[in-house]
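*Asks:* Handing you a structure now.
Derivation of every value follows stated rules applied to the coordinates shown; laboratory data play no part. Nothing here was measured: the structure is a model prediction, and the numbers come from that model. FYI the Cβ positions are ideal-geometry reconstructions off the backbone, even for glycines, and counts take in every protein chain you see.
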Amino acid sequence: MTFLLISDGGMEHSACLLMAEALEHQGQRCITAGTPLLGHQPLDTPAPQLTIELAQLPAHPLLEQVSAIGLFLQNPEQIQYFIKAYQGLCSARGRPAATLFSGPLVPLVGDALIRDLSLRLGCDLLLVSGENQRRQLQSLTFNWPKSLCIPPVISTGFWFPQAAPCAPTQQPLLLALIQEQIPTHMGARDQLLRQLNSWARQRPNWTVMVQRDHSWSATTTLMPSDAPLTDNLVEAAPGQLLPLLGACTACLTVSSPWSLAAMVWGRIPIIVGDYGIHDEQNTTGFFGCGAMHRLRSIPHLDAIRELPMANQAWLDEMGADITDGPMRLLTALSELILRDEP
């Protein structure tokens with residue numbers, strides 16, 4: 001089987017590269033394609049084998065060689081446009097279309113999960129991270145009309161490596177994952193950064209590393225201009241996200257999905273609960289994780305060592321206990337291809 005894995009963002013590029021490596025170990029041929037990335041990136045990920053704008057991809061001759069196409073795009077609304085263009089070209093040229101599969105890389109729940117599904121209904125197979133997501137989709141769509149053609153759903157685990165790239169550092173390190181638009185409350189991000197700076201000043205034996213979880217430009221400032229920085233608060237360089245997640249003692253964020261990697265790798269998680277459990281903060285998916293804390297409940301950095309690890313049962317339901325995702329994908333695709341054969 002020949003796979004084409006299409007992505008358009010840093011997380012998506014990284015996930016497709018990891019999936020390609022796993023599938024190639026199973027004897028499959030994989031080709032990665034994606035759009036060029038702009039600005040500094042938190043991940044050090046090689047470029048796809050084919051760098052191309054998404055709008056140009058459906059007509060590329062490479063697609064005539066593939067039997068399955070994986071679509072992993074930041075905006076799932078683009079999936080419908082790709083499917084319509086690709087399948088329309090296949091029909092016009094009198095050749096069968098490849099099997100299409102897609103899914104959200106991060107574990108979604110509730111309304112966010114069903115909204116995401118509605119944008120992927122043209123696919124032949126849907127991938128979700130854990131059994132929690134698969135069961136939710138079953139319960140949310142059991143009475144949908146057959147005309148909607150809901151694709152089969154499989155759980156394939158997380159999008160990052162199962163093992164940490166390195167051990168934690170001897171000197172305690174707090175990694176703070178800073179999101180682009182969360183928290184949404186006016187001034188809340190600056191307040192969070194000031195709190196990190198204050199903690200670092202109180203405990204100079206700790207290092208506080210501030211890491212964006214999104215792309216950024218060289219001219220974009222992060223720390224508030226009115227907050228003189230202590231020496232042990234450091235802004236991460238591009239490409240350091242995975243090594244820092246492995247090296248940290250604890251990982252703090254409002255709702256960055258990369259905190260799941262820290263949880264799986266056995267680092268102390270801190271999901272900032274000051275802004276509540278709401279869709280707009282992307283915190284609804286963390287309900288039950290056992291790692292949500294208010295900032296005022298942490299008097300200083302040394303107190304972090306007393307915090308609990310993530311709820312392992314919750315983490316497993318989100319996908320942590322799935323280690324054979326590529327094999328599950330291969331099995332499901334083989335069954336679909338056999339079913340569709342005349």
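*Asks:* Choose one of 87, 165, 301: the residue whose Cα lies farthest towards the positive end of the charge dipole of the chain (beta-carbon charges +1 Lys, Arg; -1 Asp, Glu; about the Cα centre).
*Replies:* With unit charges placed on the Cβ atoms, the residue in question is 301.
*Asks:* Test of understanding: ordering 150, 182 by Cβ neighbours within 10 Å, fewest first, what list do you get?
*Replies:* Listed from fewest to most nearby Cβ atoms, that is 150, 182.
*Asks:* Further, regarding this structure: Within segment 113-162, which chymotrypsin sites (Phe, Trp or Tyr not before Pro) sit in a loop by DSSP and count at most 10 neighbouring Cβ atoms inside 10 Å?
*Replies:* Taking segment 113-162 and a limit of 10 other Cβ atoms within 10 Å, the loop chymotrypsin sites (Phe, Trp or Tyr not before Pro) found are 142.
*Asks:* I've got another one for you. Express in whole angstrom the spacing between the alpha-carbon centres of segment 121-157 and segment 35-54.
*Replies:* 29
*Asks:* Here's a follow-up. How much mean residue ellipticity at 222 nm does the chain get from its helices, if each DSSP H run of length 4 or more adds -39500 (n - 2.57) and you divide by all residues, to the nearest 500 deg cm²/dmol?
*Replies:* -9000 deg cm²/dmol
*Asks:* Specify the residue with the greatest mean-square fluctuation among 290, 88, 325, computed from a Gaussian network of the chain linking alpha-carbon atoms under 10 Å apart.
*Replies:* With Cα springs under 10 Å in the chain, the top fluctuation among 290, 88, 325 is at 88.
*Asks:* In the calculated pair distance distribution of the chain, what percentage of Cα-Cα distances lie above 27 Å?
*Replies:* When every Cα pair of the chain is considered, 48 percent fall beyond 27 Å.
*Asks:* Another one. Tally Lys and Arg at +1 and Asp and Glu at -1 over the other residues with C-beta under 14 Å from the C-beta of residue 133: what net charge comes out?
*Replies:* Combined, the nearby Lys, Arg, Asp and Glu give -1.
*Asks:* While we're on this one: Cα atoms only, segment 42-185: Rg and Dmax in Å?
*Replies:* 18.5, 63
*Asks:* Order of 337, 298 from fewest to most other C-beta atoms within 10 Å?
*Replies:* 337, 298
*Asks:* Would you mind computing Rg(Cα) / (2.2 N^0.38 Å) for segment 173-318, counting N as its residues?
*Replies:* Dividing the Cα Rg of segment 173-318 by 2.2 N^0.38 Å gives 0.98.
*Asks:* On to the next question. Note down the nm distance, to one decimal, between modelled labels 7 Å out along Cα→Cβ at residue 235 and at residue 92.
*Replies:* 4.7
*Asks:* Do any GluC sites (Glu not before Pro) in segment 238-342 lie in a loop, going by DSSP, with at most 10 other beta-carbon atoms within 10 Å of their beta carbon, and if so which?
*Replies:* Passing sites in segment 238-342 do not exist.
*Asks:* Shifting gears a bit: Using θ = phi - 60° and the Karplus curve 6.51 cos²θ - 1.76 cosθ + 1.60, what whole-Hz ³J(HN,Hα) does each residue of segment 223-228 get, with Gly and Pro shown as x?
*Replies:* 6, x, 5, 8, 10, x
*Asks:* If you don't mind, another one. Over segment 80-144, calculate the relative contact order: mean separation of alpha carbon pairs under 8 Å at least 6 apart, over the residue count, as a percent.
*Replies:* 35
*Asks:* Within a 10 angstrom radius of the beta carbon, how do 275, 86, 81 rank from fewest other beta carbons to most?
*Replies:* The order, fewest Cβ neighbours first, is 81, 275, 86.
*Asks:* Shifting gears a bit: How tilted is helix 325-340 with respect to the longest principal axis of the chain? Cα atoms for both, answer in degrees (0 to 90, nearest 10).
*Replies:* Once rounded, the angle reads 20 degrees.
*Asks:* OK, next. Between beta-carbons, use under 14 Å as the cut-off and find the net charge around residue 77, counting Lys and Arg +1, Asp and Glu -1.
*Replies:* +1
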